[in-house]
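Values in this text are rule-based calculations from the coordinates and carry no lab data. This is a predicted model, so every value here is computed, not measured. Glycine gets a Cβ as well: all are built from the backbone with ideal geometry, and neighbour counts include every protein chain shown.
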Amino acid sequence: MAKAPAPDAESILVIVPALNEAGHIEACLNSLLGDSSWSAVLPCIVADGGSTDETRAIVKTLASRYPRLRLVDNPDRLQGAGTNLAVALGATEATRILVRCDAHATYPPGFVRGITECLDQTGADSVVIPMDSIGQSCFGRANAWIVDTPLGNGGAAHRGGQLSGWIDHGHHAGFTRQSFETVGGYDPAFSHNEDAEYDLRLTRSGGKIWLAAPLRIDYVARGTPGGLARQYFNYGRGRARTQAKHGQTLKPRQTLPVLALFGLSLGTVMAPFFPVALLLPGAYVGLLLAASVLMATKHRSACGLLCGLAAGIMHMSWAAGYLVERARRGTPNEER
């Protein structure tokens, strides 16, 4: 069977928000634009939030290879705001598909074309994709191995998911321009969780989200405990902001880290008076240790022994960020 003709490049806008991504931006852009003569002429905007490393210089150098690659300043620095800005500056009358990409990821050959065809074939308003985490340090590998398991992600469909289908949230990849503009794009005030907040508005307005399992990306996981803690603390804060804005309840997989933090705290405080209370933190620590041994055995690497530490940091940091933000904002629908 003859392969369908490539979509009109003029109908697509590729957007890459970036901030201090000198270590990843070249690989990202080459994976998106460098796999064919068609992809090389795709309109692409890097919305830079004020990088102080070599990110901007790298993008300017790559512009000599990819004639439609543009670098624009994103004074608000945040990814959502940068994406909105790129649409405002780069979309033309011909633009009907928006492809948002992560500067911290690399993309398989034909990715942009695949997203475009998936949007057309499914009739979806948004196409989301699974992320396969990879690590570049020993801790980073442990982080990557555990985050793609239920202990690390709570069963999130876009974390290593293998089945395509309709879902309510996933890792953003493509939108129809019409639906993006209809719901007002991203909330530019959100530094984290802007994708889930967008998906909530989209689905509440009747929009449909398709998880395209074959269109997978490699995502570079945080390589240090501190970096991971900051990432998940901010994720928890972002979820609390979404809840405050929309009155949304937590899913069970989001409630569990909060319960784990309470259990650890309560057990530790009560242990001097009721030693049996140590069963709570003991059971949790035992679960993390078991996960470490299991992952080290599975991957035949001593780095797997850090998997429990990584999972614990994810859980506790997310819960702490969520609780701090909830305390600051109060009850749902008290967005300030």
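Some observations on this one:
- Degrees, to the nearest 10: 225-246 long Cα axis against longest axis of the chain: 80 degrees
- Cysteines having no other Cys beta carbon under 4.7 Å from their own, within the chain: Cys28, Cys44, Cys101, Cys118, Cys307
- Proxy reagent accessibility, fewest Cβ within 10 Å first, across Met316, Met131: Met316, Met131
- Between Gln248 and Ala6, full extension at 0.36 nm per residue minus the direct alpha carbon distance yields a gain of 83.1 nm.
- Environment charge at Glu21 (Cβ cut-off 11 Å; Lys +1, Arg +1, Asp -1, Glu -1): -4
- Karplus-derived HN-Hα couplings along the stretch 207-213 (A = 6.51, B = -1.76, C = 1.60, θ = phi - 60°), whole Hz, x at Gly and Pro: x, 10, 10, 10, 8, 9, 4
- Axis angle, to the nearest 10 degrees, between helix 111-122 and the longest C-alpha principal axis of the chain: 90 degrees.
- Theoretical gain in end-to-end length, Leu278 to Thr224 [0.36 nm per residue, Cα-Cα removed]: 16.6 nm
- Positive end of the dipole of the stretch 239-329 (Cβ unit charges, origin at the Cα centre): among Ala240, Leu278, Thr297, the Cα lying farthest that way belongs to Ala240.
- Normalising the average separation of contacting C-alpha pairs (under 8 angstrom, six or more residues apart) by the number of residues puts the relative contact order of the stretch 216-336 at 45 percent.
- Value of [θ]222 nm, deg cm²/dmol, for the chain, DSSP H segments ≥ 4, -39500 (n - 2.57) each, nearest 500: -15000 deg cm²/dmol
- Distance from the C-alpha centroid of the stretch 168-245 to that of the stretch 260-336: 24 Å, rounded to the whole angstrom.
- For the chain: relative contact order, % (alpha-carbon pairs under 8 angstrom, 6 or more apart): 18 percent
- Helix 138-147 axis, angle to the chain major axis (alpha carbon atoms, nearest 10°): 90 degrees
- Sites Leu266 and Ser301 - FRET efficiency at Förster radius 41 Å, r taken between beta-carbons, to 0.05: 0.70
- The stretch 44-201, relative contact order [Cα under 8 Å, separation at least 6], %: 25 percent
- Largest to smallest principal axis extent of the C-alpha atoms in the stretch 239-329, angstrom: 45, 38, 18
- Scattering from the chain was approximated by placing one identical point on each alpha carbon and applying the Debye formula without solvent; log10 I(q)/I(0) at 0.07, 0.12, 0.15 1/Å stands at -0.31, -0.88, -1.32.
- Amide H contacts for Tyr186 (H built 1.01 Å from N in the peptide plane; partners 5 or more residues away or on another chain; cut-off under 5 Å): Asn84.
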